[in-house]
Every structure is written in structure tokens, then in C-alpha cells.
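See structure below.
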Amino acid sequence: QVQLVESGGGLVQAGGSLRLSCVASGRTFSSYAMGWFRQAPGKEREFVALINWSGTNTDYADSVKGRFTISRDNAKNTVYLQMNTLKSEDTAVYYCARSAFGVSRRPADFGSWGQGTQVTVSS
């Protein structure tokens, strides 16, 4: 069972930046697509970004496209989410997850999840 541990969340002013990291245990990290999702209070978990196993293909929700960048370092078993020009509506708990079914935006297609890291953007 893979373990995913996120870090890098915090409180930031609108317009600021944060970089989230997610470290995975195990030897098979480079075989899987990885995603970032977020969940705000009272809302469903939503897709944020996805990166394929090699890092050559990425996908973003329209709400973050052009502001967020997902990347990975397979040698470090780590996936990152660089978040720039943050807005108050980006406030949420951010989760990284490992896909069980390749490239997908659906939370149900991700079999392993981290515990989440809180991002709060003050306006």
C-alpha cells in the first residue's frame, strides 16, 4: 500500500504563491499518473491537475490553468503543485492521489490518497 504525504500548504495573501509537495513511498511511483485535487468546505472534491507517469503530459482544471503547474521528480518519488496568483476561491484542502486507471480526472479512478494539506488564501 503506497503512502502519500503532502506538505507546503499554509496561509497566503491573494496574488501570492505556494508550492505543494507530495512524497510517495514505495518503488513504483514512476509507473503511475499522479493528480492533485481539492475540497473546500461544503463542496465536493474537485480535480485540479494531473501528470502522466513520465511527466510529458499534464492536464488542468480550467479554473487553475495558467496559474498552477504540476510537475514530478521520479527520482525523488515526489509530485509538485506550483500555485501562483492565488485567489480566495483557491482556499481548500489539497490532496495528492495516485491514479489506478491511467490518465483521468475522476476521483473514483484514484486508488491512493494523501491526508491533505490546507491552503488558505486571504483577500
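Observations
- Some residue of region 27-46 being among the basic types (Lys, Arg), surrounded by 17 or more Cβ atoms within 10 Å (Cβ to Cβ), in contact (Cβ under 8 Å) with a residue 60 or more places away in the chain and part of a strand (DSSP E or B): yes
- Considering region 67-76, the residues that are of a type outside the set (A, V, I, L, M, F, W, C) and part of a strand (DSSP E or B) include one that is surrounded by the most Cβ atoms within 10 Å (Cβ to Cβ), namely 72.
- Flag for residue 24 being free of Cβ contacts under 8 Å to residues at least 40 places away in the same chain, buried (at least 16 other Cβ atoms within 10 Å of the Cβ) and on the phi < 0 side of the Ramachandran plot: no
- Matching residues, region 82-106, being among the charged types (D, E, K, R) and either open to solvent by 70 Å² or more (accessible area, probe 1.4 Å) or in a loop (DSSP other than H, G, I, E, B) (or both): 87, 89, 105, 106
- Output for region 107-123, where each listed residue is farther than 13 Å from residue 7 by Cα, open to solvent by 40 Å² or more (accessible area, probe 1.4 Å) and modelled with pLDDT of 95 or more: 113, 120, 122
- Among residues of region 1-21 that are closer than 17 Å to residue 35 by Cβ and part of a loop (DSSP other than H, G, I, E, B), those with a Cβ under 8 angstrom from a residue that is open to solvent by 60 Å² or more (accessible area, probe 1.4 Å) and not hydrophobic (A, V, I, L, M, F, W, C), sequence gap 6+ or separate chain, pair up as 2/28; 8/19; 9/118.
- Some residue of region 72-88 being farther than 19 Å from residue 27 by Cβ and without any contact (Cβ under 8 Å) to a residue 60 or more places away in the chain: no
- Counting the residues of region 47-66 that are open to solvent by 30 Å² or more (accessible area, probe 1.4 Å) and over 16 Å from residue 111 (Cβ atoms) gives 11.
- In the set (1) β-branched (Val, Ile, Thr); (2) surrounded by fewer than 15 Cβ atoms within 10 Å (Cβ to Cβ); (3) within 16 Å of residue 4 (Cα to Cα), residue 79 fails one condition alone, (2).
- Just one of the listed residues (58, 91, 69) is β-branched (Val, Ile, Thr), touching a strand residue (DSSP E or B) at 6+ places or on another chain (Cβ under 8 Å) and under 15 Å from residue 9 (Cβ atoms), and it is 91.
The values are calculated or read from the model by the stated rules, or taken from the named source; none is laboratory data. Here the structure is a predicted model, which means the values were calculated and not measured. No Cβ is skipped: glycine too gets one built from the backbone with ideal geometry, and neighbour counts run over all protein chains shown. Ligands, DNA and RNA are stripped out before the accessible areas are found, and what is left, the full protein with its side chains, is counted by its heavy atoms. Shrake-Rupley method; radii C 1.70, N 1.55, O 1.52, S 1.80 Å.
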